[in-house]
Amino acid sequence: MKKNSIKLYNFIFPIWLLWLIPITWIVVLPANFLIDLLVVVLTMKYLKVQDIKVNAKSVIFKVWIFGFIADFIGTVSMLMASVIDFNYETQLGKWWYNNISNAVSYNPFESLYSVLWVTVCVMITSFLIYLFNYEFCLKKLNLGNEQKKKLALSLAIFTAPYLFYIPTSWFF
């Protein structure tokens with residue numbers, strides 16, 4: 001019985017899942033929008049794009065929505081650490097629990113393997129942010145391909161979910 005409650009606790013409380021709880025949407029949605037807008041505007045300014053206001057206005061909602069889609073996929077990849085199940089009575093099960101599922105959920109810095117897991121999840125999300133922005137969000141923007149790539153890369157770097165690394169053990 002205790003093992004099941006541990007798995008359920010791991011499943012429910014990781015900090016990187018908090019954005020899925022509706023009450024946090026009140027903060028997360030506007031904050032994400034503002035961060036995306038800031039990155040788009042500052043990157044366009046750096047790239048010396050003309051009509052920043054018009055260009056930013058034409059892409060910001062797509063950038064914002066596709067950013068959430070990428071974050072959701074990254075969150076699912078983080079969740080897989082707890083969903084993948086082994087018999088905890090075996091050596092593999094004990095190793096998985098100590099080095100992956102428990103460590104990813106509570107403190108990724110407890111294990112090199114959990115740091116690698118989280119890093120891969122952040123990289124997947126960041127790659128998807130780049131891909132979605134370059135292929136979908138910025139497609140009709142009146143910029144050159146190099147500028148679109150740089151803007152997509154800027155969004156991927158500055159809006160990646162680095163909060164995945166925050167240990168939830170700090171909050172319990």
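Some points to look at:
- For residue 137, the stated conditions hold: it is under 11 Å from residue 66 (Cα atoms) and crowded, with 22+ Cβ neighbours inside 10 Å.
- Which listed residue is part of a loop (DSSP other than H, G, I, E, B) and either within 30 Å of residue 52 (Cβ to Cβ) or modelled with pLDDT under 95 (or both), from 102, 87: 87
- Within the range 7-49, restricting attention to residues that are among the aromatic types (Phe, Trp, Tyr) and more than 18 Å from the chain's Cα centre (by Cα), the residue that is modelled with the lowest pLDDT is 9.
- Residue check, residue 140 closer than 30 Å to residue 56 by Cα and assigned to a loop (DSSP other than H, G, I, E, B): yes
- Failed item, numbered, when residue 157 is tested on (1) modelled with pLDDT of 95 or more; (2) of a type outside the set (Lys, Arg); (3) outside any helix (DSSP H, G or I): (3)
- Within the range 146-172, residues that are in contact (Cβ under 8 Å) with a residue 40 or more places away in the chain and of a type in the set (Gly, Ala, Ser) have Cβ atoms under 7 Å from residues that are assigned to a helix (DSSP H, G or I) and surrounded by 17 or more Cβ atoms within 10 Å (Cβ to Cβ) in these pairs: 154/39; 154/43; 169/106, counting only partners at least 6 apart in sequence or on another chain.
- Which numbered condition residue 119 misses (of (1) closer than 26 Å to residue 47 by Cβ; (2) surrounded by 13 or more Cβ atoms within 10 Å (Cβ to Cβ)): (1)
- Cβ separations smaller than 8 Å between residues 6+ apart or across chains give the following pairs from the range 39-52 residues that are over 12 Å from residue 63 (Cβ atoms) to residues that are crowded, with 16+ Cβ neighbours inside 10 Å and among the charged types (D, E, K, R): 47/150.
The values are calculated or read from the model by the stated rules, or taken from the named source; none is laboratory data. What you see is a predicted model; the values in this text were computed from it and never measured. FYI the Cβ positions are ideal-geometry reconstructions off the backbone, even for glycines, and counts take in every protein chain you see.
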